[in-house]
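Report on one structure; see the data block that follows.
The values are calculated or read from the model by the stated rules, or taken from the named source; none is laboratory data. From a predicted model like this one, the values you see are computed outputs, not experimental measurements. As a convention, Cβ positions derive from the backbone with ideal geometry for all residues, glycine included, and neighbour counts pool all protein chains shown.
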Amino acid sequence: MRKIESILYHEQELTIHIATGSLQASEIIQTLKLFYSATPTRLVLWDFSHATFECIRSSEVALISNMSKQFSHGRKDGKTAMLFASNEGFGLGRMYDTHKEQNDVNHPYMSFRSKNEALDWLGVQL
């Protein structure tokens, strides 16, 4: 079973990546590559609320951020929300947000603890 499942909502221009279990950076990078190899949606929600991060180092957060920056030009007016249930995950998400801000990324990223708040920020209803 895949640790990251991707669900596409065409009408909302939204992709939700749902991660479960203990994640590795390589699994996130692989999902990014698959997402950008197709026609990426404008809006993305990474749902990490059922994932753990003991295998991801802070240096790998920068690697993931750099990888997504290489491809993000194809998402005009894009926005990405990340959903976390754990303090550890939320901390990694904020680290990712900060890395993106420092590297002048083309579209906004934000970490959330509430799925409803994340969807509101993206401007969609499911």
Query raised in the report: Does the stretch 9-56 hold any residues that are among the charged types (D, E, K, R), touching a residue at least 24 places away in the same chain (Cβ under 8 Å) and in a loop (DSSP other than H, G, I, E, B), and which are they?
Result: Glu13, Arg42, Glu54
Query - Which numbered condition Ser68 misses (of (1) surrounded by fewer than 18 Cβ atoms within 10 Å (Cβ to Cβ); (2) part of a helix (DSSP H, G or I); (3) at pLDDT below 90) - result: (1)
Query raised in the report: (1) more than 19 Å from Ser111 (Cβ to Cβ); (2) within 13 Å of the chain's Cα centre (by Cα): which one isn't true of Lys76, the others all being true?
Result: (2)
**Report entry** The lone exception for Gln125 - which of (1) exposed (fewer than 13 other Cβ atoms within 10 Å of the Cβ); (2) assigned to a loop (DSSP other than H, G, I, E, B); (3) at pLDDT below 85 it fails
**Finding:** (3)
Report task. Quickly run through the stretch 31-65 and pick out the residues that are touching a strand residue (DSSP E or B) at 6+ places or on another chain (Cβ under 8 Å), surrounded by fewer than 16 Cβ atoms within 10 Å (Cβ to Cβ) and either closer than 27 Å to Asn87 by Cβ or modelled with pLDDT under 90 (or both). Result -> His50, Glu54, Cys55
